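The numbers here are math on the coordinates, done by the rules we state, and not lab data. A quick note: this is a predicted structure, and the numbers were derived from the prediction, not measured. For neighbour counting, all protein chains shown are included, and Cβ atoms are generated from backbone atoms with ideal geometry for every residue, glycine included.
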Amino acid sequence: MNDLPDFPSRRGFLKTTALGLALTGAGLPAAARETAPPVPLDEYQREYLTEAEWAFVMAATARLIPSEGDGPGAIEARVPVFIDRQLAGDYGSADDWYMQGPHDASAEPARGWQTPLSPAEVYRRAIPAFDAWCETTYGTVFSALDPAHQDAALAALQEGEPGLEAELRDFFAILLANTKEGYFADPLYGGNHGMQSWVYIGFPGARAAYREWPERHNIEYPLGPVSISGEGPEHGTSGTEERRRHRRPRLDRIDRRDRAGARGARHCRAGARP
């Protein structure tokens, strides 16, 4: 996450990319070493989330960035894996945050993180509370709802309708931010599988020699992205080949996707997806 005043958080992935580039010399050829394909999501060995929490994260991220549309969805990008790993690590435990009281959960968001709970604890307490609200409102837990009711439930969560306790008030904002981070972060962290989101928007990733391109307006960058690890989009496919296989993204669609994510689940329904 970016270090916004609303949420003290781990370094933004662009800072991490720059650091990794300096430490590893990540300007390696896009045709990098072959790696084994990841296990299917239903066989993934979770590091933090319980089975019920995993089901919720799978369902929620799938509605925040749906699979219908031009680009990959959160499930194709393996965003749930990113969230699970982050919650199991320093971010989840708020290891490097100032977490001493006093806390005022009723304070304005601009005053920063106002809960004694770490992000992992927020997920652990908010998911069952929200599922209980879904059962009362719709008759079953969130992950078992149909997409239309999931969209409505997420929109209600964004507006605070479930009445979660004050320490959990920012759960939707945290979930949405983590979903977008997992979608656009370096694949090294578990999400953005195959650099699909980078390919979709034409982002070059951790390439060492990109300095001459920012001023070349309206010229398509000819190479695919590169991870901090030095791997290309498909672990052996050249960037040029990868770009040929993907339609050039339309900037107006990318803008619409970003605006939809910022507004929340209400505008992320399949029908409104870019």
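A few remarks follow.
- Overall form of the range 89-239 per C-alpha gyration tensor (a/c, 1.5; a/b vs b/c): prolate
- Whether the range 52-101 is rounded, prolate or oblate, judged on the alpha carbon gyration tensor where a/c under 1.5 counts as rounded: prolate
- Other residues lying with their Cβ under 11 Å from the Cβ of L188 contribute a combined charge of -1, Lys and Arg counting +1, Asp and Glu -1.
- Once backbone amide H atoms are built at 1.01 Å from N, G205 has V226 as its partners under 5 Å, excluding neighbours fewer than 5 places away on the same chain.
- Spacing of the modelled spin labels on E51 and E68, each 7 Å from Cα toward Cβ, amounts to 3.0 nm.
- Extension gain for the segment A107 to I219, taken as residue separation times 0.36 nm less the Cα-Cα distance, is 35.6 nm to one decimal.
- Remark: spin-label model distance A208-E43 equals 3.7 nm, labels positioned 7 Å along the Cα→Cβ axis.
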